[in-house]
Each structure stands twice: as structure tokens, then as C-alpha cells.
Amino acid sequence: MNELNLEYEEVQFKPNSTEFDFKTKRKDIFVYGSVKLAKVTAEFDWHPGSFYGNNHEFKKYSAGYGVHSINYGSYICEIKEKIDWSKSPSLFIKPSEEAKIFTGKIFNQYEWNDFIYYKLNDPNEKRITEKTKIQISEPYHLTKEARIWIVGKKVVTSSYYRFHGNTEYEENVSQIGLEFAKKMAELFNVADAYVMDIAYTLNEWKIMEINCINSAGFYKGDVKKIILALEKFYG
């Protein structure tokens with residue numbers, strides 16, 4: 001922000017509160033920081049402000065992407081509900097709505113039962129309750145995963161963030177992966193700006209999940225390109 005000579009203000013939440021102080025009177029503000037910040041400021045009269053709560057949930061974006069989503073065919077239920085393990089000894093389970101309350105991963109029945117027992121009986125755990133919604137799907141073998149930043153339906157920058165097995169490391173996201181992301185951005189527009197995580201599996205790219213750009217990590221993405229794209233789109 002300093003190098004681009006753009007005005008910004010750092011804020012901090014008050015202890016155990018959703019309130020924070022800020023000095024600016026401007027309304028043309030883009031929010032970046034924690035999930036909490038993105039969620040709280042989504043209702044502010046700032047533009048573009050925060051995109052939190054648009055079409056970032058699976059049940060919304062999966063209708064737009066269909067079979068191009070890696071978890072197409074998965075189902076959503078409350079964490080307290082019993083899971084049918086008879087068809088698969090291992091399942092991929094992740095939060096359906098608030099992505100940061102626990103890390104999605106592959107569980108077997110015993111691991112999952114232990115996990116929810118301790119979470120639901122931990123007096124210090126305030127975010128996970130019996131009504132917390134989870135998404136369940138068959139596990140996939142993912143060769144590589146990448147994050148794509150999209151502004152105005154255009155790919156702005158990208159970064160790999162995970163490689164598996166003996167896959168040869170690539171410095172930049174492959175052109176085929178970027179072309180896939182471009183096609184998906186045209187197929188369904190989640191928001192003016194968002195983050196698309198894609199994964200390579202079974203010899204093809206799939207959408208793994210959609211994240212809110214206001215609280216998504218950068219990895220090796222070019223932050224300047226993101227800021228300049230937002231400035232141009234809203235300029």
C-alpha cells in the first residue's frame with residue numbers, strides 16, 4: 001500500500017468484542033484482515049467493503065459450477081447427526097459455512113467421533129455447537145492445489161499452496177489450471193472479487209472451494225496485482 005501510495009488504516013477489535021474504532025470518513029473502502037473483520041463489516045455502508053456472505057457457501061456456488069466442483073454430490077448436515085460410514089471407511093469432512101472453525105480433512109469413523117466429542121464437550125470451544133453445519137463427501141486424491149484471485153471475472157494472480165506425492169514442483173500455476181479458472185469465472189460469478197481454490201485430481205482440474213477475498217491468505221500471489229485490479233475495477 002505504501003509503494004502504491006494508497007491510503008489505508010489499521011484497526012483492532014476491542015477485547016472479546018466485535019467492535020473496533022476507525023478514523024476515516026471515507027466510504028470507498030476495501031476491507032482486508034480476519035474472517036471476523038470481513039463478517040462484521042459486511043453490513044457497513046462501505047463500497048466495496050466486504051463481500052462476506054455472498055455466494056461463498058458450497059450450497060450456493062455448487063449450483064453454478066455443477067460437476068466442475070470437486071465436492072459435487074456431497075451433502076450437508078448438522079454436526080450432531082449420525083454419519084453413514086457403511087459405504088466408505090473414510091470421508092472428507094469440512095465446515096459448510098464458517099470455513100475457519102476447523103480444518104477440513106479426511107476422517108475415519110473413530111477419528112471423527114473423537115473429534116466431535118472433544119469439541120462439543122470443551123467448555124472453551126465457543127464456535128462449534130451441535131447445530132454447526134458440515135459438508136461430507138468422498139475423499140479425493142489431490143495432486144496439487146492452487147489459489148486463484150478473480151476480480152471482475154478476470155484472473156488477476158495465482159499461487160500454488162500445496163503439492164502432494166512426488167509431483168514435480170512448478171513455480172507458477174499451469175496454464176491449463178488458469179484457463180480452467182477463467183472458464184469457471186465466466187460460468188458463474190460469485191462476487192465482484194473472490195478467491196477460487198482449484199485442485200488437480202484424476203487428470204483434471206476441479207474447484208475445491210470458494211473463499212472470501214477479504215480474509216483469504218496470499219501465499220505467493222502478487223498482492224500488488226490484486227490491489228491494482230481492485231483500484232481499476234472500482235476506480
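The values are calculated or read from the model by the stated rules, or taken from the named source; none is laboratory data. Quick caveat: nothing in here was measured; it's all calculated off a predicted structure. Note: ideal-geometry Cβ built from the backbone for every residue, glycine included; neighbour counts use all protein chains shown. In case anyone asks, the SASA skips ligands and DNA or RNA and just uses the protein heavy atoms, side chains included. Shrake-Rupley method; radii C 1.70, N 1.55, O 1.52, S 1.80 Å.
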Count - residues of the range 1-54 that are under 21 Å from Val223 (Cα atoms) and small (Gly, Ala, Ser)
5
Among Tyr61, Tyr65, which is the only one that is modelled with pLDDT under 95, open to solvent by less than 30 Å² (accessible area, probe 1.4 Å) and in a helix (DSSP H, G or I)?
Tyr61
Residue pairs, Cβ under 6 Å, 6 or more apart or interchain, first in the range 113-137 and in contact (Cβ under 8 Å) with a residue 24 or more places away in the chain and among the hydroxyl-bearing types (Ser, Thr, Tyr), second assigned to a loop (DSSP other than H, G, I, E, B) and surrounded by 14 or more Cβ atoms within 10 Å (Cβ to Cβ). List them.
Thr132/Ile79; Ser137/Asn71; Ser137/Ser74
Among (1) of a type in the set (A, V, I, L, M); (2) over 29 Å from Lys144 (Cα atoms); (3) touching a Lys or Arg at 6+ places or on another chain (Cβ under 8 Å), which single condition is Val35 missing?
(2)
Quick check: is even one residue across the range 1-20 open to solvent by 20 Å² or more (accessible area, probe 1.4 Å), in a loop (DSSP other than H, G, I, E, B), in contact with a helix residue (DSSP H, G or I) (Cβ under 7 Å, 6 or more places away or on another chain) and among the polar types (S, T, N, Q)?
yes
Under the condition of being more than 19 Å from Asn211 (Cα to Cα) and open to solvent by less than 100 Å² (accessible area, probe 1.4 Å), which residue from the range 23-48 is farthest from the chain's Cα centre (by Cα)?
Thr24
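This table checks each residue for (1) touching a residue at least 12 places away in the same chain (Cβ under 8 Å); (2) outside any helix (DSSP H, G or I); (3) touching a Gly at 6+ places or on another chain (Cβ under 8 Å); (4) more than 27 Å from Asn121 (Cβ to Cβ).
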{"position": "Tyr32", "(1), (2), (3), (4)": "yes, yes, no, yes"}
{"position": "Lys39", "(1), (2), (3), (4)": "yes, no, yes, no"}
{"position": "Trp46", "(1), (2), (3), (4)": "yes, yes, no, yes"}
{"position": "Phe51", "(1), (2), (3), (4)": "yes, yes, no, yes"}
{"position": "Lys80", "(1), (2), (3), (4)": "yes, yes, no, no"}
{"position": "Ser86", "(1), (2), (3), (4)": "no, yes, no, no"}
{"position": "Thr103", "(1), (2), (3), (4)": "no, yes, no, no"}
Would you be able to tell me the number of residues in the range 68-80 that are open to solvent by 20 Å² or more (accessible area, probe 1.4 Å) and touching a strand residue (DSSP E or B) at 6+ places or on another chain (Cβ under 9 Å)?
7
Within the range 189-208, identify whether any single residue is in contact with an Asp or Glu (Cβ under 7 Å, 6 or more places away or on another chain) and touching a residue at least 60 places away in the same chain (Cβ under 8 Å), and answer yes or no.
yes
Just checking, which of Lys232, Lys225 is outside any loop (DSSP other than H, G, I, E, B) and either touching a Cys at 6+ places or on another chain (Cβ under 9 Å) or loosely packed, with under 13 Cβ neighbours inside 10 Å (or both)?
Lys232
